[in-house]
Structures are given as C-alpha cells and as structure tokens.
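The block underneath contains the structure these notes are about, expressed in structure tokens.
The values are calculated or read from the model by the stated rules, or taken from the named source; none is laboratory data. Computed from a prediction, not measured in an experiment: that's the story for all the values here. So basically every Cβ, Gly included, is an ideal-geometry build from the backbone, and we count neighbours across all protein chains shown. All accessible areas refer to the heavy atoms of the entire protein, side chains included, with ligands and DNA or RNA removed. Shrake-Rupley method; radii C 1.70, N 1.55, O 1.52, S 1.80 Å.
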Amino acid sequence: MSREQAVLLTLVAYKLALVGIGLWASRRTRDTTDFFLGGRRLGAWVASLSASASSSSAWTLLGVSGAAYLWGWPALWLFPATLMGFLINWLWVAPRLMALSRAEGSLTLTDVLAGPPGASLRDPIRRTASGIILFSFAFYIAAQFQAAGHAFAGTFGLDLTAAILIGGGIIIAYTLLGGFWAVSVTDSLQGLLMAASALLLPLTALVAVGGIGPLAEGLRALPPAAAGGGAGPAPGLLGLAFAAGTLGIGLGYPGQPHVVNRFMALRDAAALRLGRAIAIGWAAVIYGGMLLLGLCGRVLASRVENHEEIFFALAGDLLPPVIAGIMIAAVLSAVMSTADSQLLVAASTISHDLRTSGTAPVRGLAGSRLTVVGISGVAILTALFLPDAIFSRVLFAWHAVGSALGPLLLVRLAGRRVAPAATLAAMAAGFGLTILLHALPPAPGDALERLVPFAVALAIALVGRPRPA
C-alpha cells in the first residue's frame, strides 16, 4: 500500500466516523441548551480532551513544532507558557465557572460577563463581546482551514481551493448534525490522536538523532536563529522581553469561549477533578512532544520550504510509508476538526448572544445551524484570499479575544462585580490595544501585544467597581 493510499483510506474511515458521531449526537440534541452545552452532562474524559484539543490544534501540531525548528532552544519557553494556561483554566476558572453558570443559567461566556436579564448595559455588553468573538474567530477558523488545505494539497497534489473546501465541508456536516455533543466527542477523538502522534513521531526523531546528548550537541553546533516577534533571544532586556512575551501566551487561555464552555458543561465535581488531571497530563505530552520534534528537525537538517511543514516532513522521512500515511491522515483530520468548536461558539454568538431587546436574531436550532454555514463561508474566504502563517494568525486571534474577555472573567470569578461601563471599557481596551500593537513593528516575543492589552483590561476591571445603590 502506498503512502497516498494509506492517507486516503484513513481519511475516509475517519470522516465516516465523524459523520457517524454527528448522527448519534443529533438524537441527543433537542434544544439550544443541548446544542450549545450538551445539557451540562459532559464527563471527565470528553470534557478534558475536547477542551484541550480545541485550544491547541493546528497551532500546536504545526505552529509549535515549526517554531522549535525555526528558533531552536528559545522555543522551549512555549512549554511553561502553555502549561501555565492549562493550570489557570483547570485550577481556577473551571470550578468557579461551572458553579456560576449553573447558578445564573448561563449558556455562553458572554452570558456570564453581561450579567442576568435586566442588568444595566446588558445589551451593549453582549453586542460588544459578540463582535469581538466573531472578528477574532474569523481568523482563528481560517487558520484551521488553511492548515488542512496545505496538508491535503501536499499529500494528494490537490488544488488548494479544492482541499480547503473538502475539509471544511466535512467539519460543517457533523457540526450541523450534532452541535455540542458532536463537537465534544469528535474533539476528544482528536485529542487522543494528537497525543499518540506527539509520542510516536518525536520519539522516533529522537532515536534518529541519537538521543538527548547528541541532540544538545547538535543544537549547540548550529548558529543561533531569530526567534518570533522579529528579534532573537538576545541577552539582557531583549532576552527577558522575549521570555515574558512567550509566557504571555498562557494569559489568553481564560478568555477563550470555545475552551471555557466545556467547564460550563461539566456534569459534576467528580468529572472536574478527573478532567483536570487528564488535561494537564495531555498538555505536558503534546507540547513537550512537538517542541522535541521541531528541535530534532533542526539537528537532522530536514529541508522544508515552510517551517510549519516540519511535522509532515519528518513523518515522511522517518516512518514507513503506510505508518506515515496513517499518521498524517489522522493528524490532518484532527487539525481540521478543531474548527468545529470555534464554529459552534460563533453560532451561539449570533443566534443566542445577540438575542437582545433591540434586535431580531435568528432563533432556534435551525437558525443556529444556518449561522454555522455562514461563518464557515467567511472563514474559507479568509483562508483562501488572506493567507498568513498559522502560528502568527492563531496567536493574534487568541490574544485579541483573550485580552478582551479573560480579565473580566477572572475578576468576575473572584467574586468581584464590575460596573457595566467598566466592562465595556475593559473589552474595548483589551481588544483595541491588541489590534494596535499587532499593527506596529513586533517587539521581542511580541511582549507588548501579549502583555499590555491584558494588563490594561485587568486594571480597568479591578478598579471599575459598581457604585453603591
């Protein structure tokens, strides 16, 4: 069996499984609470793996391994950065958000931030948060389609447009069928596939290098590479700025609607405790594996036109054709599947969060499913006509929504009320400063873009207390 045949057969089997999951989930989806939160019945394994996989995806498999290949040792700062985000989310955010969302009947992160019906400025807050989510997710989902398209095109020699359309069509199909249940179960399968790949391929690459010692010697023999953000890991203040900017990636985790909605859907405290252990262990395996893979690629001198293709290059170089084909097909399917979580959140934003007193949004399951199709179309057009590096595109969207919503959520979960005007100001500051600093020449590690908007929004949220009645 050739590599292409192995890829094709695995893809067909995997896609049939996804559609089957969608059909199964459709029988469990009776109303919008089921469609957006699975009836709050998620167990530990599904919640932890789906939350982990939906927060990682193409950025982890292709972006992180590509960054390690391009930067060398400085990329290791990505490990504590991402692990910190998982710890913040599962130790602090998850238990408090699960309880708060149940107490207030919230279905979305926007519900939590806007307050109960009748709260002051509730409609403007919901519209502002919805606009930020939709803008950011257009880029986020486009990055997933772009990653899948390049992999399809490289494996089968397909036209890029056709490759993106094929992958996007499958994702849309099972998301439309089963909503949150389909997305969560397929993302759990994605998480298992990612973990298996993060163990097998990096360990194979390490054996090819000769072990940890030869890897370290080989990296020392190479010239230093320029790190992300436009500047290398120079000593002194520039080096500190690079490290701080990279660690700042972890601050974006609490503000991701497609991740924290799993906490709102958890079944009970027991599921939370087991899910926490699974998620943190998964993060250590997946990020450690992808960083090791990229470093081994540098030493093995693997030649790729695009550094974000190092995963596929090493799989093809180091594994037998059939195994390489199966791995590439499975990971490709996993990369594509991540877009489903963002699609579902974007659909809930339009059909639920914009249901305000002054608007007439699309209602019900039919309307929610219609919005999935519309948002997918925008993301596909963005992927086709506004191409960008997966690593930078995902991080821009990640920090835009994370800096706008994350500080407010952390303050709200700490039991502090934020005045409605301060809520709007914090959202605007976090989102607007991210866009402004992204447009300016990059600092080492993009430290300004990743730290300043979050800090300013957090300060506004902390000082913006409601006035006594």
Report, ordered by the first and then the second residue, all pairs with beta carbons closer than 6 Å, sequence separation of six or more or different chains, a first member in segment 249-265 that is closer than 21 Å to Phe391 by Cβ, and a second member that is of a type in the set (Phe, Trp, Tyr).
Leu251/Phe454; Gly252/Trp398
Per-region count, segment 95-114, residues within 25 Å of Leu134 (Cβ to Cβ) and either in a helix (DSSP H, G or I) or in contact with a helix residue (DSSP H, G or I) (Cβ under 6 Å, 6 or more places away or on another chain) (or both)
13
Could you grab me the full set of residues in segment 329-347 that are in a helix (DSSP H, G or I), of a type in the set (Ser, Thr, Tyr) and modelled with pLDDT under 70?
Ser333, Ser337
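Looking only at segment 305-321, how many residues end up being touching a residue at least 60 places away in the same chain (Cβ under 8 Å) and surrounded by fewer than 17 Cβ atoms within 10 Å (Cβ to Cβ)?
We begin by selecting, within segment 305-321, every residue touching a residue at least 60 places away in the same chain (Cβ under 8 Å); these are 306-312, 314-316, 318-319, 321.
Among the residues that remain, those that are also surrounded by fewer than 17 Cβ atoms within 10 Å (Cβ to Cβ) are: 306, 321.
Result for segment 305-321: 2.
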Collect the residues in segment 380-411 that are farther than 22 Å from Ala457 by Cβ and aliphatic (A, V, I, L, M), keeping them in residue-number order.
Ile380, Leu381, Ala383, Leu384, Leu386, Ala389, Ile390
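Quick grid of which residues meet (1) under 12 Å from Gly252 (Cα atoms); (2) open to solvent by less than 30 Å² (accessible area, probe 1.4 Å):
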{"position": "Arg393", "(1), (2)": "no, yes"}
{"position": "Ser403", "(1), (2)": "yes, yes"}
{"position": "Leu410", "(1), (2)": "yes, no"}
{"position": "Gly415", "(1), (2)": "no, no"}
{"position": "Leu448", "(1), (2)": "no, no"}
Criterion: assigned to a loop (DSSP other than H, G, I, E, B) and closer than 28 Å to Arg96 by Cβ - qualifying residue of Val456, Val452, Val418
Val418
Would you point out which residue out of Val452, Val394 is in contact (Cβ under 8 Å) with a residue 40 or more places away in the chain and closer than 24 Å to Ala75 by Cα?
Val394
List the number of the failed condition for Ala439; all other conditions in (1) buried (at least 19 other Cβ atoms within 10 Å of the Cβ); (2) of a type in the set (Gly, Ala, Ser); (3) closer than 20 Å to Ala143 by Cα hold.
(1)
Got a sec? Which of Leu251, Leu274 is part of a helix (DSSP H, G or I), hydrophobic (A, V, I, L, M, F, W, C), over 15 Å from Thr82 (Cα atoms) and at pLDDT 90 or above?
Leu274
Being at pLDDT below 85 and farther than 20 Å from Ala271 by Cβ is the requirement here; does Ala17 meet it?
yes
Residue under evaluation Asn89, criteria (1) out of contact with any Phe, Trp or Tyr (no Cβ under 6 Å at 6 or more places or on another chain); (2) open to solvent by less than 20 Å² (accessible area, probe 1.4 Å), criterion not met:
(1)
Is at least one residue of segment 458-467 out of contact with any His (no Cβ under 9 Å at 6 or more places or on another chain), open to solvent by less than 70 Å² (accessible area, probe 1.4 Å) and at pLDDT below 90?
yes
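One residue is enough: does segment 48-57 have a residue meeting the conditions in a helix (DSSP H, G or I) and more than 25 Å from Arg393 (Cβ to Cβ)? Spell out the reasoning first.
Quick first cut of segment 48-57, residues in a helix (DSSP H, G or I) only: 48-54.
Remaining after also requiring more than 25 Å from Arg393 (Cβ to Cβ): 48.
Checking segment 48-57: at least one residue is in a helix (DSSP H, G or I) and more than 25 Å from Arg393 (Cβ to Cβ).
With respect to Ala404, determine if the residue is over 30 Å from Pro74 (Cα atoms) and either under 17 Å from the mean Cα position of the chain (by Cα) or free of Cβ contacts under 8 Å to residues at least 40 places away in the same chain (or both).
Values: over 30 Å from Pro74 (Cα atoms): no; either under 17 Å from the mean Cα position of the chain (by Cα) or free of Cβ contacts under 8 Å to residues at least 40 places away in the same chain (or both): yes.
For Ala404, the condition - over 30 Å from Pro74 (Cα atoms) and either under 17 Å from the mean Cα position of the chain (by Cα) or free of Cβ contacts under 8 Å to residues at least 40 places away in the same chain (or both) - is not met.
Residues Gly415, Gly367, Gly374, Gly358: which one is within 30 Å of Thr161 (Cβ to Cβ), over 21 Å from the mean Cα position of the chain (by Cα) and modelled with pLDDT under 95? Walk me through it before giving the result.
On the way: Gly415 fails: within 30 Å of Thr161 (Cβ to Cβ); Gly374 fails: over 21 Å from the mean Cα position of the chain (by Cα); Gly358 fails: within 30 Å of Thr161 (Cβ to Cβ).
Within the list Gly415, Gly367, Gly374, Gly358, the selection yields Gly367.
Looking at Thr128, Thr82, Thr155, which is the one that is closer than 22 Å to Glu308 by Cα, of a type in the set (Ser, Thr, Tyr), modelled with pLDDT of 90 or more and in a helix (DSSP H, G or I)? Lay out the reasoning, then the answer.
On the way: Thr128 fails: closer than 22 Å to Glu308 by Cα; Thr155 fails: modelled with pLDDT of 90 or more.
Result of the check over Thr128, Thr82, Thr155: Thr82.
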